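Let me begin by handing over the structure; questions about it come next.
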Amino acid sequence: MDFDILCYIVLFCGLGLARSDNNATETKSCNPDMCKFLVDFGAITEKVNSMETRLEHSETTLKESETRLKDTEMSLKETVTQLKNTESRLKDSETKLNHTANRLKESENQILELQHKERTKIIFSATLGSGGHIGPFDTDIILVYKGVITNIGNAYSPVTGVFTAPIPGVYYFTLFYSAAASHQQYLFLHKNSEVMVMTNDHVTHSDATDNGGNAMFLQLQQGDKVYVRMGKNSHVWASESQTTFSGFLVTQM
């Protein structure tokens, strides 16, 4: 180093001066100024060496800090990446949770609907409910079954003889009759104004009575009407519950 060379030069010059002044310094070990200079120079040298050591230590510490900083930055990047992955998984979980909640709500609604359907019962059964017979007449009439046996839901009217569907669904209807064989019988099951099924017999003298009936499933909308029409010149027994009209809701639609 330049500083070391300078030190050697100063030392060499000091030694030269010491030889030239040998006679003058016989009673002294060295020149006082030179001794002080050398002492000060040694102290400075020691401080410089200490500073160099501290500098090297600081540089080492700085390198270690830089390394730790790089490691910390890498850890931070990894943490950020993990956080992003966690947020993405959280969003996916929230989406799945919402989907599950929607499915659960749909299932609950279906259960409530099924429970409502289970509670909704429409059943009726009635007879003509009067003694003797009905007919014959010279025109068609709607048979009014006044002897109500069952009327759950009150969809059948014993005043008009008409069943009115309170809810959409599939219904099952039956009609049976008993009549004297000396008259014809024509009974028609209507859905509104349309004939769906019929049952009939002709005049016969081979037996005393005639019996007949029919049944069918009907898909009805709310407000549709079902009733039994008896054709003109027809006759049915009304006593002893021999002529009946019945129906019930099979399933809602």
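For Val250, Val39, Val197, write out the residues from largest to smallest accessible area, computed with a 1.4 angstrom probe and no ligands counted.
Working: Val250 75, Val39 100, Val197 25 Å².
Largest accessible area first, the list is Val39, Val250, Val197.
To continue, here is another question. How large is ³J(HN,Hα) for each residue in the stretch 36-51, as worked out from phi by the Karplus curve 6.51 cos²θ - 1.76 cosθ + 1.60 (θ = phi - 60°), to whole Hz, x for Gly and Pro?
Listing the rounded values in order: 4, 4, 5, 5, 5, 4, x, 5, 5, 4, 5, 5, 4, 4, 5, 5 Hz.
Something else about it: Give me the Kirkwood hydrodynamic radius of the stretch 121-252, using the inverse of the mean 1/r over all pairs of distinct Cα atoms, in Å to one decimal.
Working: mean 1/r = 0.0679 Å⁻¹.
Over the stretch 121-252, the inverse of the mean reciprocal pair distance is 14.7 Å.
A follow-up question, please. For the stretch 126-139, take each phi angle, set θ = phi - 60°, evaluate the Karplus expression 6.51 cos²θ - 1.76 cosθ + 1.60, and give the result in whole Hz per residue in order, putting x for glycine and proline.
Couplings: 8, 10, 5, x, 9, x, x, 9, 10, x, x, 10, 8, 8 Hz.
Quick one: give the max-minus-min coordinate of the C-alpha atoms of the stretch 35-120 along each principal axis, largest first, in Å.
Extents along the principal axes: 123, 16, 8 Å.
What is the set of long-range amide H partners of Ser241 at a cut-off below 5 Å, with H atoms built 1.01 Å from backbone N?
Gly129
Counting only protein heavy atoms, what percent of the accessible surface of the stretch 139-239 is carbon or sulfur at a 1.4 Å probe? Intermediate values should be presented prior to the final figure.
Numbers: 2540 of 4700 Å².
Exposed carbon and sulfur together represent 54 percent of the surface.
Which of the peptides 218-224, 78-84 is most tightly packed, and how do the rest follow, judged by the mean count of other Cβ atoms within 10 Å per residue? Write out the running numbers ahead of the final one.
Numbers: 218-224: 14.7, 78-84: 10.0.
Final packing ranking: 218-224, 78-84.
For the stretch 153-165, in order, what is each residue's ³J(HN,Hα) by Karplus, 6.51 cos²θ - 1.76 cosθ + 1.60 with θ = phi - 60°, in whole Hz (x at glycine and Pro)?
Computed from phi, the couplings for the stretch 153-165 are x, 6, 7, 9, 9, x, 8, 9, x, 10, 9, 10, 5 Hz.
The values are calculated or read from the model by the stated rules, or taken from the named source; none is laboratory data. Since we're looking at a predicted model, the values are computed, not measured. Cβ atoms come from the backbone with ideal geometry, glycine included; neighbour counts cover every protein chain shown. Accessible surface areas use protein heavy atoms only, side chains included; no ligands, DNA or RNA. Shrake-Rupley method; radii C 1.70, N 1.55, O 1.52, S 1.80 Å.
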